[in-house]
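Report on the structure given below.
Every number here is computed from the coordinates shown, using simple stated rules; none is lab data. These numbers come from a predicted model, not from an experiment. Here Cβ is always computed from backbone atoms with ideal geometry, including for glycine, and neighbour counts include all displayed protein chains.
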Amino acid sequence: MADALSEDDILEAVARHVGRPGQGPQLRRTGADITRLPMLDLCIVRCMEARTTRPESRPGTYDTSERAEYEGDLRDHPVDPPKDPEVSRTVELVLRGSVRTVPCGCDGGRQPCSRCRAGGRLRCDVGPVCPACEGVEPCTWCDGTGERRKDRAPSESAREKSAAGRTACVKCRKPRTACPECRGWGAKRCPKCDDTGFRVCPVCSGERSTAHDPCDGTGLVTLWTGGSVGQAPDRSSLRLPAPAPPLRFRQQAGRAGAWQRVTLGSAGAPLPDGLDPAHLTAVESALTSRRGEVARRVDIGWLQSAAVTIPDDPDHVFYVFPGRDGPEVVPIWSRRRSLRVAAVVAGVVVLVLLMVALV
């Protein structure tokens, strides 16, 4: 693991970056300012556990032997956490002595059919409209009702004319009055009920009853008290310092920095010695155990970096951090330069707007 950079190392790295190698001490004498920026990256994965009990049931005679048993209060039953706290799982248990198989209370595993109300058949919908008469005048005598129409009395010539091609009506029996296609019904013969007006219930197949769902037709139900232990990961992180340094510096330090790292596997594990004292309080608060926590994994990384300003270049802040092959330097525009550039851009925008207004 890399050692923290001394002030001499930091100034010499900046001197080399600005093309003045070997002049680190000179930068100190001319008023270079060094601000330490210890960086911390902490990620913690907690395995959080929740326990619940509930009454459970299954149809028929159900085998619960594949589930482990617990006694007394589920909170006191030991369940090992997963080896990897990022793994989610649920452990299903059975209260010892609670399993029993009892009669369902139905009629031998059957229940009245709810579709046909135990009638075994349903009223059939009207069949398709006759394509010849379209159901408008299926019979000139009874109009498909089976009784003599009273609304009008057609003349003898009209009756003879309308009788051409007609056949006997199956409802009123009058000859040469009905549509030859539907014979007075006004619809084609119903394929569902063969014109009986009723069809077999499709749910119970005419048996008037169906299997009782709660017992799956067995007449029995197995009851027990079930316990459920759910274990799921909960992730959180902590990154210091706050406010964070410029993004470009953080990206470069993340890729090329010689970070020191350690992984802690339990809540009582001691913190590493290399952490900056300014970070200890925040780290200890982030690692406080939570209710329901049964396991954890903590990944901690830290990097000693610094921000340097030099009077010879007030337009930049030089961020220095230990790299894998020595100190790395990332120059970032200073606040002074950023404000100056912003002012220039704003002036250009105003000038353009004035020119557009004058055109």
Legend entry - Filter pass, Leu275 being more than 30 Å from Gly72 (Cα to Cα), buried (at least 17 other Cβ atoms within 10 Å of the Cβ) and within 37 Å of the chain's Cα centre (by Cα): no
Inset, instruction - Looking only at the range 205-217, decide whether some residue is in contact (Cβ under 8 Å) with a residue 12 or more places away in the chain, over 30 Å from Glu66 (Cα atoms), among the hydroxyl-bearing types (Ser, Thr, Tyr) and surrounded by fewer than 12 Cβ atoms within 10 Å (Cβ to Cβ). - result: no
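I'm checking my understanding of the structure. Among residues of the range 221-261 that are over 29 Å from the mean Cα position of the chain (by Cα) and among the hydroxyl-bearing types (Ser, Thr, Tyr), which one is nearest to Glu92 (Cα to Cα)? Quick ask: steps written out before the conclusion?
At the first step, the residues of the range 221-261 found to be over 29 Å from the mean Cα position of the chain (by Cα) are 221-225, 240-261.
Going one step further and asking which of them are among the hydroxyl-bearing types (Ser, Thr, Tyr), we end up with 222, 225.
Details: Thr222: 16, Thr225: 11 Å.
Looking at the filtered set, the residue picked out is Thr225.
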Inset, instruction - Just need a number here: residues in the range 191-202 that are surrounded by 13 or more Cβ atoms within 10 Å (Cβ to Cβ) and at negative phi. - result: 6
Inset, instruction - Within the range 23-65, count every residue that is free of Cβ contacts under 8 Å to residues at least 40 places away in the same chain, within 17 Å of Glu7 (Cα to Cα) and assigned to a loop (DSSP other than H, G, I, E, B). - result: 1
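Residues are listed down the side, and each one gets a yes or a no for (1) part of a loop (DSSP other than H, G, I, E, B); (2) within 40 Å of the chain's Cα centre (by Cα); (3) surrounded by fewer than 19 Cβ atoms within 10 Å (Cβ to Cβ):
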{"residue": "Thr263", "(1), (2), (3)": "no, yes, yes"}
{"residue": "Phe318", "(1), (2), (3)": "no, no, no"}
{"residue": "Pro331", "(1), (2), (3)": "no, no, yes"}
{"residue": "Ala343", "(1), (2), (3)": "no, no, yes"}
